[in-house]
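The values are calculated or read from the model by the stated rules, or taken from the named source; none is laboratory data. What you see is a predicted model, and the numbers here were worked out from it, not measured in a lab. Positions of Cβ are backbone-derived with ideal geometry, glycine not excepted, and every protein chain shown enters the neighbour counts.
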């Protein structure tokens, strides 16, 4: 009696997808565990900062405390962005059956962005229709996707620069998709980096961007949200002159 041929191993552990899932799951758990102690350390530093301001003999510690707070805020931003990305991939952040007035949402985001832009002397202007323009998706996920793009346009700009946010109806080339254009007069993106622009933890490295803070996750989050809603993102940029991001979002049916 002949033995049947041995079948090749198909253990899920050998799958690249499963390994990627396990890696992301591990990092998500680590991020959850990191967030609480980081927040606690931030609170302790606030107390030390207050003490340094109140006691002249402790004033010399203020620069070190301030630097520690900046670094800690960077770490917290990475954890927050990583958890947001994990929620997107788990389907916990996206509600595609909801509908949102895109023009009204952009008006709120631009109003908030102006406060942050004022410290960098960057002007932010909105061009949007006065009538509602409803798209698929809930307000919170759309706000997350759009705010990362607007924040980058401000952060990677020059003092005295400008950002224009446009809310546009569908065009003939992209029927059924509303458009958001975010145009800036900033430092631009090197052509060689554009193919990796939406990858996680990838940031353009140039003399102009070296000291600009960021997690390298913002645009990855924006792209995942827009794709989950059935849209896409395009970008045009000239290094030294500025960038234009275009987000195409499906109209609410």
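The table that follows gives values for the structure above.
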read-out: Any hit, the range 196-214, residues being surrounded by fewer than 16 Cβ atoms within 10 Å (Cβ to Cβ), in contact with a strand residue (DSSP E or B) (Cβ under 7 Å, 6 or more places away or on another chain) and either part of a helix (DSSP H, G or I) or at pLDDT 85 or above (or both); value: no
read-out: Candidate set: the range 157-166, residues that are in contact with a strand residue (DSSP E or B) (Cβ under 6 Å, 6 or more places away or on another chain) and surrounded by fewer than 20 Cβ atoms within 10 Å (Cβ to Cβ); chosen: the one nearest to residue 239 (Cα to Cα); value: 162
read-out: Test: residue in the range 152-171 that is in a helix (DSSP H, G or I) and either touching a helix residue (DSSP H, G or I) at 6+ places or on another chain (Cβ under 8 Å) or outside the structural domain of residue 221 (by TED's automatic domain parsing) (or both); value: yes
read-out: Selection from the range 102-137 of residues that are over 21 Å from the mean Cα position of the chain (by Cα) and either surrounded by fewer than 16 Cβ atoms within 10 Å (Cβ to Cβ) or touching a residue at least 40 places away in the same chain (Cβ under 8 Å) (or both); value: 121, 127, 129, 130, 131, 132, 133, 134
read-out: Hits in the range 130-146 - residues which are touching a helix residue (DSSP H, G or I) at 6+ places or on another chain (Cβ under 6 Å) and outside any helix (DSSP H, G or I); value: 133, 135
read-out: Filtered residue count, the range 215-226, keeping only those that are modelled with pLDDT under 90 and out of contact with any helix residue (DSSP H, G or I) (no Cβ under 7 Å at 6 or more places or on another chain); value: 1
